[in-house]
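Worksheet for the structure shown next.
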Amino acid sequence: MDTTEKIILYGAGNRCRVLVDLMDSCDMPIGHIVDSNEKLWGSYIGGHIIESPDLLSSNSDARICITATSFLALAEIRKRIKLNYNVDDNREISYYNLILNLYEKIDIGKLFQPEQVTYLNHVSVIFDCEFGLGLGGIEEWTKGICKEFVKKGDFSSYILTNYGDYDIPKELTNHIIRVDVERDNAFSLNNMKQILNCISRYLPCILVTSQPDEVLLAGKILSSFFGEQVKVVTGIRGGYPEINKSYIDMESCTDLYVCVNSAIRKDMIKQGIGQDRIFTMLCPVECSEHLNRTYSTDPSFPVRIGYAGRLEIEEKRMDLLLKMISELEKMQVNYYLELAGDGRYEKVMHNYIEQNNLHEKVKLLGRINKNLISKFWSGKDICINISDHEGRSRSTVEAMANGAIPVVTETWGVHDDITDGQNGYIFNVGDYKKAAEKIALLAKERALLPEMGRLAHLEIRKKSSMEEHYHFWQNIISIVRRSCT
């Protein structure tokens, strides 16, 4: 890109603030900062005034970087600037491309001292969870696979995370690398300084990342200094085109890709990633050899539905779940729904239950201990997931492992585990009415519950071996390790 060309930053949030700091430090010109929130107009970020997006009308040829973190907001802004201001798509520079361009101009030697690095006599494998080890599919997988690496002892394995207070298994107590970073300052000079200095104490190393984040960029920077001593394996989880685009933008940071479903792999290959650089993994979950549970086969009892995850509108679409509940009520379905999790939409859901007198049909359990997940799903006939996008939902897989029948949106990867009409039901994204119809069908045809539940369990049972998963990662590590000595 032309580094003398002024760039308009759309969105005046944390990402914009960090970009402004980086651009100013690199003397990269900022054309304007705009935001659709008129309450921000006239205020400043780093000496640059925040203005109305209407100025795009007279700057339709300018380069624009949209700094929004939300995929929904990103899509909406793209649509708006094209429709309202006649800005062509090719005028956009992606946030990640701009970050990479900026760090190519920054004197990295001021952030850490390569000459002070002490090499270890072994290869370290570092799993990235820089912004925390709380509840979540990526976090649980990271702890699980790192525990297996520690148990086998073939590699020196660690998890890189921040200084939060987390439930860390005792086996990993001495395998946690703490780094002093702040999520709101992602890609800032201070965050990058902390990460670079932290990782450089564990060379030679293989970084295993799960987000298009600072650790991914740190791997590129470190490899530019230390060459084959640093390798990066990028895990792709999101199951959303915009996430894949972010990884394409940061392709120069990655040696090898590992996807959580076949759809992600196909899309990345379509976008130019070589087939020999990208693999698909199946994340194991606890799954008993034999399914020992009961189902609500008696129609006089409610069919039992479960949801486990964040109570949010974005991505998880709890607003649509409430509409699904309304449809179940209209159809007079005999059901009982329990939701395990918390989030910003929890209060709205609580109010909905109160206003519609659904206390005996819908229950918010809050977060439950991960040790109780199997028990939770063993008591459910149906697992509901109404998300707009998923990579490979750990919650759905855990539900199937315990014999719950998935009724889920057709997000990327669901066909890897679910055959519609056999071991679950798949409906179009956003179609909450179809979700209610499938639940109503199972509530009516109770004989389907044990049969479909059994098939759901069998599907996951054959994929749930941690031993096989570890061998998969042994192979991945060996591929990138051939030149990491």
Worksheet entry | Packing rank of 276-286, 253-263, where each peptide gets the mean count of other beta carbons within 10 Å, highest leading | 253-263, 276-286
Worksheet item: For region 305-345, taking Cα atoms only, what is the radius of gyration to one decimal and the Dmax to the nearest whole Å?
Response: 10.8, 29
Worksheet item: Taking θ as phi - 60°, what are the ³J(HN,Hα) couplings along region 400-417 by the Karplus curve (6.51, -1.76, 1.60), each to the nearest whole Hz, with x for Gly and Pro?
Response: 4, 4, 9, x, 7, 8, x, 10, 9, 6, 7, 8, 4, x, 5, 6, 5, 10
Fill in: residue 290 - accessible surface, heavy atoms, 1.4 Å probe, Å² rounded to 10
130 Å²
Item to complete: Scale the Cα Rg of the chain by the rule-of-thumb value 2.2 N^0.38 Å and send over the ratio, two decimals.
Response: 1.05
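Accessible area, 1.4 Å probe, largest first: how do 165, 107 sort?
Working: 165 155, 107 85 Å².
Descending order: 165, 107.
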Worksheet item: How much length, in nm to one decimal, is gained on full extension between residue 288 and residue 80, taken as 0.36 nm per residue of separation minus their Cα-Cα distance?
Response: 69.8 nm
Worksheet item: So what's the angle, to the nearest 10 degrees on a 0 to 90 scale, between helix 318-330 and the longest Cα principal axis of the chain?
Response: 20 degrees
Discussion item. Using Cα-Cα distances under 8 Å and only pairs 6 or more residues apart, what relative contact order does region 182-273 have, in percent?
Written reply: 25 percent
Discussion item. I want the antiparallel fraction of DSSP beta bridges within the chain, as a percent rounded to 5.
Written reply: 5 percent
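At R0 = 41 Å, how high is the FRET efficiency between residue 91 and residue 116 if r is their beta carbon distance? Nearest 0.05 is fine. Provide the component values of the computation, followed by the final result.
Details: r = 43 Å, r/R0 = 1.05.
Result of the calculation: an efficiency of 0.45.
At 1.4 Å probe radius, can you tell me the per residue accessible area of the chain in Å²?
Working: 21620 Å² over 485 residues.
It amounts to 45 Å² per residue over the chain.
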Practice prompt. Could you size up the charge dipole of region 33-173 around its Cα centre, putting +1 on the beta carbon of Lys and Arg and -1 on that of Asp and Glu, and report it in debye to the nearest 20?
Written response: 120 debye
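Ordering 350, 457 by how much accessible area each has at a 1.4 Å probe, largest first, what is the list? Could the numbers behind the result be given before it?
Values: 350 90, 457 5 Å².
The residues order as 350, 457, largest area first.
How long are the semi-axes of the equivalent ellipsoid of region 339-455, taking √(5λ) for every eigenvalue λ of the Cα gyration tensor, in whole Å from largest down?
Values: eigenvalues 100, 54, 51 Å².
Taking √(5λ) for each eigenvalue gives 22, 17, 16 Å, largest first.
From Cα pairs below 8 angstrom and at least 6 apart in sequence, can you work out the relative contact order of the chain, rounded to a whole percent?
Values: 875 pairs, mean separation 57.6, N = 485.
Over the chain, the number comes to 12 percent.
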Discussion item. Rounded to two decimals, what is the ratio between the C-alpha radius of gyration of region 291-393 and 2.2 N^0.38 Å?
Written reply: 1.06
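What percentage of the solvent-accessible surface of region 279-435, computed with a 1.4 Å probe over protein heavy atoms, is contributed by carbon and sulfur atoms?
Working: 3230 of 7170 Å².
Carbon-and-sulfur percentage of accessible area, whole number: 45.
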Worksheet item: Which value, in Å² and to the nearest 10, is the accessible area of residue 374 when all protein chains are kept and the probe is 1.4 Å?
Response: 40 Å²
Discussion item. Please give the charge dipole size of the chain, origin at the Cα centre, charges +1 on K and R Cβ atoms and -1 on D and E Cβ atoms. Round to the nearest 20 debye.
Written reply: 1000 debye
Worksheet, complete the sentence: Taking the dipole of the chain about the Cα centre (Lys, Arg +1; Asp, Glu -1; charges at Cβ), the one of 432, 28, 221 that reaches farthest to the positive side is 432
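Of the cross-linked pairs 347/433; 147/380; 170/193; 363/444; 151/220; 170/370, which ones have a Cα-Cα span greater than 25 Å in the structure shown?
Numbers: 347/433 23 Å; 147/380 29 Å; 170/193 29 Å; 363/444 22 Å; 151/220 29 Å; 170/370 15 Å.
From the list (347/433; 147/380; 170/193; 363/444; 151/220; 170/370), the Cα-Cα distance tops 25 Å for 147/380; 170/193; 151/220.
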Worksheet item: Where does helix 466-481 land angle-wise versus the long Cα axis of the chain, in degrees 0 to 90, nearest 10?
Response: 20 degrees
Discussion item. Explain nothing, just the number: dipole magnitude of region 361-476 about its Cα centre with +1 on each Lys and Arg Cβ and -1 on each Asp and Glu Cβ, in debye rounded to the nearest 20.
Written reply: 600 debye
Worksheet, complete the sentence: Counting only protein heavy atoms with a 1.4 Å probe and every protein chain in place, the carbon and sulfur fraction of the accessible surface of region 441-485 in whole percent equals 55 percent
Discussion item. Output the 0 to 90 degree angle, nearest 10, between the alpha-carbon long axis of helix 95-105 and the longest principal axis computed from the alpha carbons of the chain.
Written reply: 30 degrees
Practice prompt. With both partners inside region 1-138, how many of the DSSP beta bridges are antiparallel, as a percent to the nearest 5?
Written response: 15 percent
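Using DSSP to define loop residues, name the trypsin sites (Lys or Arg not before Pro) in region 399-485 whose beta-carbon has at most 12 other beta-carbon atoms within 10 Å. Walk me through the numbers before you get to the answer.
Details: sites: 433, 434, 438, 444, 446, 454, 461, 462, 463, 481, 482; in loops: 446, 462, 463, 482.
The qualifying sites are 462, 482.
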Practice prompt. Show 127, 226 ordered by accessible area, largest first, where the area counts protein heavy atoms only and the probe is 1.4 Å.
Written response: 226, 127
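Carbon and sulfur atoms: what percent of the 1.4 Å accessible area of region 196-249 do they account for?
Numbers: 660 of 1310 Å².
It is 50 percent, rounded to a whole number.
The values are calculated or read from the model by the stated rules, or taken from the named source; none is laboratory data. Since we're looking at a predicted model, the values are computed, not measured. No Cβ is skipped: glycine too gets one built from the backbone with ideal geometry, and neighbour counts run over all protein chains shown. The area values use the complete protein model at the heavy-atom level, side chains included, leaving out ligands, DNA and RNA. Shrake-Rupley method; radii C 1.70, N 1.55, O 1.52, S 1.80 Å.
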